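Encoded as structure tokens, the structure appears first; notes follow it.
The values are calculated or read from the model by the stated rules, or taken from the named source; none is laboratory data. Fair warning: this is a prediction, and the values are worked out from it, not measured in the lab. Cβ coordinates were reconstructed from backbone atoms using ideal geometry, including for glycine residues, and neighbour counts include every protein chain displayed. Each accessible area value is taken on the protein alone, full model and side chains, heavy atoms only, with ligands, DNA and RNA left out. Shrake-Rupley method; radii C 1.70, N 1.55, O 1.52, S 1.80 Å.
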Amino acid sequence: MDENVIVVDNLTKDYGLGRGCFDVSFGVKKGEVFGFLGPNGAGKSTTIRHLLGFQKAHKGNCSIMGLDCWTKPKEVQGYLGYIAGEINYPDIKTGWQFIKMIASMRGVDLKEAERLCEYYQLKPHGVLKRMSKGMKQKIALVVAFMHNPQIVILDEPTSGLDPLMQAKFVDHILSERDKGKTILMSSHIFEEVEKTCDRLAIIRNGKIVAQMHMNDITHNKDKQFEVRFKSLADAQTFGNLQYEFVEKNYDKSRVKVKVHDSHINRFVADLAKYQLEYISEIKLTLEERFMEYYKDDTMVGGSL
Amino acid sequence: MFSKHIIKQSISSNWKLWALLTGLLSAITVLMMFSFISISNNPYNGIDDKLDIVPILAQAIFMPTLSMGSILMVILAIIIGNKLVAREIDSGSMSFVLNTQTTRLQVLLSKALVYFLMLFLFSVIVGLIVVIMASTAANLDVDMSLLASIVSGFVIYSFAISGFCFASSCWFNKVSFSLLIGAGLPLIFMIIGTIAPVFVETNLDLSNFLKSITVTTLFDINGIVKGDSFAVQFIILAVIGIAMYSIGIIKFLKKDLPL
């Protein structure tokens, strides 16, 4: 179960002017939901297009189930379901006709498609061109999952869906994961990623700036503590020690400090010398973590 | 090698335009044939011999320059050529098809087949109308072998022209670029083919130069009517067509798709 079914290895695609993706590497294990976060134009879709075999890398490569995505697209596509970032349909009249065409191209029956239409409360018999963005997105979801693919790659799958449907989507992803499917999903909706993903990578300006387990967001090695001292003098002496302070509020004899787990014993030992009012950990949500990687320029190519 | 679904989908999204333009040219042909029949049946028309209609039809419908047939054929080739590939890439709709196990090559071969068949039928239907209507009239002289040469020449000429549209559609990811080249080249060929003879009477001798850079001169209808040989020109046109389709397909197999 530990084997990576999706491997991206030093993938570089340089579009010039700093656009594209550079030395992107990550792996997704079987049965894992992997989130791929980044703002618009960070290189998420570029990376995903390489996985689908639509683009040829300048350097590095990517493979799915051990098959190179560029040289063996036909075999690779056999494992995949895919939703593109921008959805447009070919010249076909109704949604159902389109679903039927793709099903027959893949040689699968329509049972799963019917079930998914019902699940997402989609009436696919309408004219495709007149469908709203949300309805088009639902059809893409049906088409991506209807052939029970082992691996599903989703580029911003919930854009256009209402909150109720987004919640249904989260449940759907979790149930597919429980069936053993591997899912790679790009997104910039933190809540959705937090609820579904086991692991995630943050990409920025074409480079992976962080990879983490979702558990590490709550069990993050860089923890923030709020410490309040009984006396101002203690707060000030402590404030002069070698720590990474987020905030020093001497009026209230309070400091906020960031401590890495490897320094925690020194931190506790130092604190033991003072009279404390209280100490509490400040939990970071994914959104705060994400913003942290984005606001600070020096973090490029930063920690893992 | 081909995908029947792609063939079906390509036909269903393009047949209306094809039917419209083919119907238009057929209607023009039918009207011309009626007027030939009525002239030939009129005892006072002063024509003693049978009316030799193929050279007239060749001029009006099959001339590679500004004739009814070639104008409609070029419009058909430009619009459908652009729609078949470039538009599906630009809009992104081809991603669904490529996410089945259909390969890029299968997609393109199927589309090229539909494209070629549409242009083939466009010319052949007009030829058949002439043959069928002429068979009902006693006083028309239809040189069948000449008609066959001209219609097959027009098919090969359409194939060469459509090759430029198809290659351009495969080459560019943006519809605007695909149209610029895919429509631009055929139109330039037609315009040069039309103005080139004008320069014959000048001292500049531009005529030969212009003729050498356009494919329209390879389909020399006046020469064929006069009885000149045309096999070599037809082969060159076919080679140009095959080369353009191949260039388009090879480029498409190697390029990055923004899907």
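Here are some notes:
- Summary of the geometry: segment B:1-18 and segment B:144-180, compared by the centres of their Cα atoms, lie 18 Å apart.
- When chains A and B come together, the accessible area they lose, probed at 1.4 Å and totalled over both chains, is close to 2400 Å².
- Euclidean distance between Cα centres, segment A:218-293 to segment A:28-101, Å: 44
- Cα gyration tensor shape for segment B:131-252, rounded if a/c is under 1.5, else prolate or oblate: oblate
- Relative contact order %, chain B, counting alpha carbon pairs below 8 Å whose residues are six or more apart: 27
- Accessible carbon and sulfur surface of chain B relative to its total accessible area, %, 1.4 Å: 70
- Each label point was placed 7 Å from the Cα along the Cα-to-Cβ direction; for B:W15 and A:K56 their separation is 3.8 nm.
- Per residue, in Å², the accessible surface of the protein assembly as shown once ligands and nucleic acids are set aside, probe 1.4 Å: 46
- When the Cα positions of A:V259, B:I249, B:L109 are compared along the charge dipole of the protein assembly as shown, A:V259 comes out farthest toward the positive end, with charges on each C-beta of Lys, Arg, Asp and Glu.
- FRET E, pair A:L241, A:T285, Förster distance 22 Å, beta-carbon r, rounded to 0.05: 0.20
- 0 to 90° range, to nearest 10: angle between helix B:4-41 axis and chain B longest Cα axis: 10
- The mean number of partner chain beta-carbon atoms within 10 angstrom of a residue's beta-carbon across peptide A:88-94 is 6.
- Each Cα pair under 8 Å and six or more residues apart adds its sequence gap; the mean of these over the residue count of segment A:131-188 is a relative contact order of 45 percent.
- Computed over chain A with a Gaussian network model linking Cα atoms closer than 10 Å, the most mobile of A:H263, A:H125, A:H172 is A:H263.
- Rounded to 10°, Cα long-axis angle of helix B:144-171 versus longest principal axis of chain B: 20
- The value of relative contact order for segment B:1-150, using C-alpha pairs under 8 Å at least six residues apart, is 45 percent.
- Of the residues in segment B:3-22, those shielded by at least 40 Å² of accessible area once partner protein chains are present, compared with the chain alone at a 1.4 Å probe, are B:H5, B:Q9.
- Dipole in debye (nearest 20) - segment A:168-300, about Cα centre, beta carbon charges: Lys, Arg +1; Asp, Glu -1: 160
- Dipole of chain A, positive direction: furthest Cα of A:H125, A:F169, A:H188, with charges on the beta-carbon: A:H125
- Mean ellipticity per residue at 222 nm, deg cm²/dmol - from DSSP H runs of n ≥ 4 across chain A, formula -39500 (n - 2.57): -9500 deg cm²/dmol
- Here's the picture: charge each Lys and Arg Cβ at +1 and each Asp and Glu Cβ at -1 in segment B:1-133, and of B:I6, B:L72, B:V130 the one pushed furthest to the positive end of that dipole is B:I6.
- Cα-Cα over 25 Å, subset of A:K30/B:K251; A:K129/A:K179; A:K44/A:K256; A:K44/A:K72: A:K30/B:K251; A:K129/A:K179; A:K44/A:K256
- In segment A:33-57, burial by the other protein chains removes 50 Å² or more of 1.4 Å probe accessible surface, compared with the chain on its own, from A:F54.
- On segment A:89-158, 50 percent of the accessible area sits on carbon and sulfur atoms, based on a 1.4 Å probe.
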